[in-house]
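Each remark here refers to the structure printed beneath this line.
Values in this text are rule-based calculations from the coordinates and carry no lab data. On a predicted model such as this, the values are computed, not experimentally measured, just so you know. All Cβ positions, glycine included, derive from the backbone under ideal geometry; neighbour counts span all protein chains shown.
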């Protein structure tokens, strides 16, 4: 097995979204979470994220991760909260997205979030990156996302 195949067999991205949010909001949450997850990663973790470039016949490069990215559905905010706590406990890189991060400007979103205790946050999404063996126990109770 090559090094690239070994990385693909071990690591993955997983996103968990609340089934109560609309598809457009879900796409927005996904984009923000994955951008932040990659942006926060150290160089060793970025190597594990396996970014590769597909080259077309005109030599244009189309970059993508060679890993699977699974999008799952949570019944509610508390399921995402529980998964988030498990990821933190296991030191799995993660980023979350809450209802308070929407509407108005980012300054107002930050102020609104600051006024909320963690237990009062309405979680809309969670993105994680790690070894399948670490992620599977956290995510096995979720089903695939369907819009």
It is to be established whether one or more residues within segment 105-124 are within 23 Å of residue 12 (Cα to Cα), surrounded by 12 or more Cβ atoms within 10 Å (Cβ to Cβ) and touching a helix residue (DSSP H, G or I) at 6+ places or on another chain (Cβ under 6 Å). yes
Being part of a helix (DSSP H, G or I) and either touching a strand residue (DSSP E or B) at 6+ places or on another chain (Cβ under 8 Å) or touching a residue at least 12 places away in the same chain (Cβ under 8 Å) (or both) narrows it down to one of 127, 86, so name that one. 86
Residue 46 versus (1) free of Cβ contacts under 8 Å to residues at least 40 places away in the same chain; (2) under 26 Å from residue 22 (Cβ atoms); (3) surrounded by 13 or more Cβ atoms within 10 Å (Cβ to Cβ): which is the lone unmet condition? (2)
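Check 80, 15, 70, 92 and return the single one that is within 16 Å of the chain's Cα centre (by Cα), within 15 Å of residue 128 (Cβ to Cβ) and assigned to a loop (DSSP other than H, G, I, E, B). Please lay out each step first, then the result.
Numbers: 80 fails: assigned to a loop (DSSP other than H, G, I, E, B); 15 fails: assigned to a loop (DSSP other than H, G, I, E, B); 70 fails: assigned to a loop (DSSP other than H, G, I, E, B).
Only one candidate passes the filter, namely 92.
Report whether or not residue 54 is surrounded by fewer than 16 Cβ atoms within 10 Å (Cβ to Cβ), closer than 19 Å to residue 29 by Cα and free of Cβ contacts under 8 Å to residues at least 12 places away in the same chain.
On the way: surrounded by fewer than 16 Cβ atoms within 10 Å (Cβ to Cβ): yes; closer than 19 Å to residue 29 by Cα: no; free of Cβ contacts under 8 Å to residues at least 12 places away in the same chain: yes.
No; evaluated as a whole, the condition is false for this residue.
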